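Beneath this line is the structure, given in structure tokens, with notes to follow.
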Amino acid sequence: MKLLILFLTKFFIFFFVVSSLSAQDSTKTYKLKEITVSGKEFVEPKSISIINKSIITNSDANSVSEIAKYIPSIKLQTNSRGESQFFLRGYGVRQLALFFDNVPLAIPWDNRIDLSLIPTGSLSSITVYGGVPSVLFGANTLGGVISVKSFVPVKNQNGRNMTIQLGSNNSQKYGGSYSGNIKAFSYLASFSYDKSNDYNLPNSIKDAYTGSGVRLNSDHKKFAGFVKLNYNFTHSSQVGLSTSYINAVKGVPPETDVHKPRFWRYPLWQKLTFILNGNHNLNSKIGRLKYALSLTKFNMKIDQYKDKSYTSIDDNEEDNDLTFYGRVVYSIFFSSSSMLNFSASGLNSTHKEKLLSSNKIEDTYSQNTLSAGSEYEFHQKKFSFLLGVGLDNQSTPKTGNKPKQENETAVNFETKFDYFFAGGISTQLVFGKKSRFPTLRELYSGALGRFVPNPNLKSEDAYNLESNWKYILNKNKFNLSFFYSLLYNGIQRITLPGKQFKRINKDQIRTWGVEFSSNFVLTKKINIDFNFSYLNSFAKNKNGEFHDTLEYKPRVISGFLLNYIIVNNLNLGFEANYIGKEFGLKEGSEYFQKLPDYFLLNFRISYIYEISQNTNMEAFFRVNNLFDKLFFTQWSLPEPGRQFQFGLKLNY
């Protein structure tokens, strides 16, 4: 901790020196290719998909998890803890990195976060990086990176909006934001509150516990606030400070056909985060500096009840996490066609846990994760080249009353070659290796009796190869990707005879697939997005063949989005998703069972009324799961049936 405090002190001193230099000297402009750094991100490897502000707004989403349907190759899954998680090209959420304004969103103890509790009111974009993530992102980015950005106020413009949404099962959402500028300062403040009593199942099924169409213990309440203040030293040198706060309570719908279901509630789920971001384009002899520092405090309580009455507590768990994170990226421009990036990042996280079954004796776990990386980029008119090397290290000074872990180190690399043909065609070849250290929860947690801990888990190592093709014709865009991955020591769960699970390492997991995404602007009134992914993923069996089935890696994922302007300001939209050929383990079953394929269709109609030049109101009506389809994203957990929403959005 003393070293961390010393590092932060030195960093702030360096920050003020750099800010002064950047404010005094004009910045040389480097016109690098479109594929290189734009000044908005730390790094810009090839992106799978960018979900912009208009799509986020039209989704009427209460949380980040509801945006999944717009992202190619991503599958949303609700687990038995009631958490919403992303899967990207078969990689689970622990194998992905989730960033919000350049700092990790997940809690290091588990390297996960419940996306159903992350609001969307302050978001401007979601960018998904697949294939081989840049070494500049740091450790544990084995399968990809999802970068979420907050809204940046436009200079000389004030923005205000208010939202009211009402829907099925007394669902309610109230939100608003206010943004503006005062000379060199810009600011944003937003809040949201949403709740729901429960959700209805499709008419084809009744809840196993209530005997009705209402899902037991599926209620939630959530309040979220976000404040950000930016200061512009010059047009190319900025610093920003933000804070976000989420306070939620929720129930966890119990599994319907298991021996010992979880009767859980979260009476406490709080996350408070402070973030400092900076971006300084210095003079031509110095280069560019970007950095992010954050402090996150997370508190959670789980009550486990004896039965479906939720009146008698069987056990409970109290978690407290404190995480410090920092990342610095420094870029040197050798010429208008080449640059060298250096990065250093690290986190210190402490997790404290108390269980009723252990007489509330507090166990403390801690970890330090450090990364360093470097990338060289070279660009010409027809091609570009990138080579990167990184080093990750993790130590676990405190492991409760469990055996300590050895320090682990991993070497990573990436290489990328792009070629630009005439006529709007370009291609890219990427190859690299990334590693992931097991989380402390995977090593030591019994999850209130659900899992048998395995402190002998090894780190995962993934070798990824990808070929991408892009074609742009007028306003139409087409992307085609072929990918291959070989994962060593992949962490998977197995079932045990005592109705429990255990995580083990699989020797090798081979995954290959193809991904297609497109955007068609058919006419001025019709816009279509379409994506399709095929995934083939198996583990090596005892005979050395890749035939062992794996959990929750659907063979087919496809999405469709249509927006049609019927007449001025009257919009009609359809959203469709298909998931096919997916397998999962049921509790107590040694063999994988195929989940039902499902096709979901959502409908939305809206009208925007122009009140004045700068003021408008949108009224919308939405139906999710239009055909009332019964579907599962994980065995034993049926998802909501048909849902209705009506809302008003005022922008002024």
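The values are calculated or read from the model by the stated rules, or taken from the named source; none is laboratory data. Since the structure is predicted, the reported quantities are computational estimates derived from the model, not experimental observations. Here the Cβ is made from the backbone with ideal geometry for all residues, glycine too, and neighbour counts use every protein chain on show. Note: areas computed on protein heavy atoms with side chains; ligands, DNA, RNA excluded. Shrake-Rupley method; radii C 1.70, N 1.55, O 1.52, S 1.80 Å.
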Give the residue list of GluC sites (Glu not before Pro) in region 554-605 that are DSSP loop and have at most 16 other beta-carbon atoms within 10 angstrom.
E590
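For the chain, what is the mean residue ellipticity at 222 nm derived from helices alone (per DSSP H run of n ≥ 4: -39500 (n - 2.57); sum divided by total residues; nearest 500 deg cm²/dmol)?
Details: 3 runs with 34 residues, N = 652.
Per the formula, -1500 deg cm²/dmol.
With a 1.4 Å probe and all protein chains left in place, how much accessible area per residue does the chain have, in Å²? Mind showing how you got there, number by number?
Details: 28130 Å² over 652 residues.
Each residue of the chain exposes 43 Å² on average to a 1.4 Å probe.
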Magnitude of the Cβ-charge dipole of the chain, K/R +1 and D/E -1, about the Cα centre, nearest 20 debye?
840 debye
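Given R₀ = 60 Å, FRET efficiency for S212-L473 by Cβ-Cβ distance, to 0.05? Each step should come with its number before you reach the end.
Values: r = 53 Å, r/R0 = 0.88.
My answer for the efficiency is 0.70.
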Roughly how many debye, to the nearest 20, is the charge dipole of region 457-562 about its Cα centre, given +1 on each Lys and Arg Cβ, -1 on each Asp and Glu Cβ, and no other charges?
300 debye
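Using a 10 Å cut-off on Cβ atoms, rank the peptides 257-267, 434-444, 605-615 from the highest mean neighbour count down.
Values: 257-267: 17.1, 434-444: 24.1, 605-615: 12.3.
Most protected by this proxy first, the peptides run 434-444, 257-267, 605-615.
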Please report the carbon-and-sulfur percent of the accessible area for region 51-106; probe 1.4 Å, protein heavy atoms only, DNA, RNA and ligands left out.
57 percent
Quick one: pull the percent of accessible area on region 612-652 belonging to carbon and sulfur, 1.4 Å probe, ligands and nucleic acids left out.
60 percent
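If I take every Cα pair under 8 Å that is 6 or more residues apart in the chain, average their sequence separation and divide by the length, what percent do I get for the relative contact order?
Numbers: 1827 pairs, mean separation 68.9, N = 652.
Relative contact order comes out at 11 percent.
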Can you list the aspartates and glutamates whose alpha carbon sits under 16 Å from that of K173, skipping same-chain ones fewer than 8 residues off?
D60, E66, D194, D198, D219, E618
